[in-house]
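Reviewing the structure listed below.
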Amino acid sequence: MKTHLNFATTDLARSVEFYSTLLNARPKKLLADYALFITDWPGLELALDAVDSAPQLSGDHYGVFVETVEEVERAAARLEEAGLASSVQREQTCCYASQTKVWATDPAGRRWEVYTVHQESAERESSDSTCCADPVDADVGCCTHSGADVEPRLR
């Protein structure tokens, strides 16, 4: 099974570079106005459509769950080397779980996390955590997704 996402982008070249780094893959199809990534891990088909203007994005974010901290660290190293990582959070409680994650934002403003869960928690977030919020945009609440209080986990 694969999830299919189709994103509009006003800068296809920068978006291709971002997703090549995030997914550690190159597009299977690349045209002047379209790119298609097909990956087995994560099971994803991601289409990027070049447009003249894209809609304003909300505070939603996307995530890739990985099994180990080492996988998060490898993703963090790739994203940091490319200048794309906005923050790395290690063993912080967020969304009722102790997690390690790296955050990055695509050229259109979509926030992505690569994360692993250490253990579930009775607490929503730790006092020193920015949780799901991008440190640049602290007004974005923890684990908000379309008005819900709890972030859905993709596993």
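Nothing in this text is a laboratory measurement; each read-out follows from the coordinates by a stated rule. The model shown is predicted, which means the values in this text are computed figures rather than measured ones. Cβ atoms come from the backbone with ideal geometry, glycine included; neighbour counts cover every protein chain shown.
Label sites at ALA8 and LEU36, each approximated as a point 7 angstrom past Cα along Cα to Cβ, lie 2.1 nm apart.
Amide H contacts of TYR62: ARG111, TRP112, GLU113, each under 5 Å away and 5 or more positions distant or on a separate chain (H built 1.01 Å from N in the peptide plane; Pro and chain starts excluded).
All other residues whose Cβ lies under 14 angstrom from that of ASP40 are scored, Lys and Arg at +1 and Asp and Glu at -1, for a net of +2.
Potential lengthening of the chain between GLU91 and THR68 amounts to 7.1 nm, from the contour at 0.36 nm per residue minus the alpha-carbon distance.
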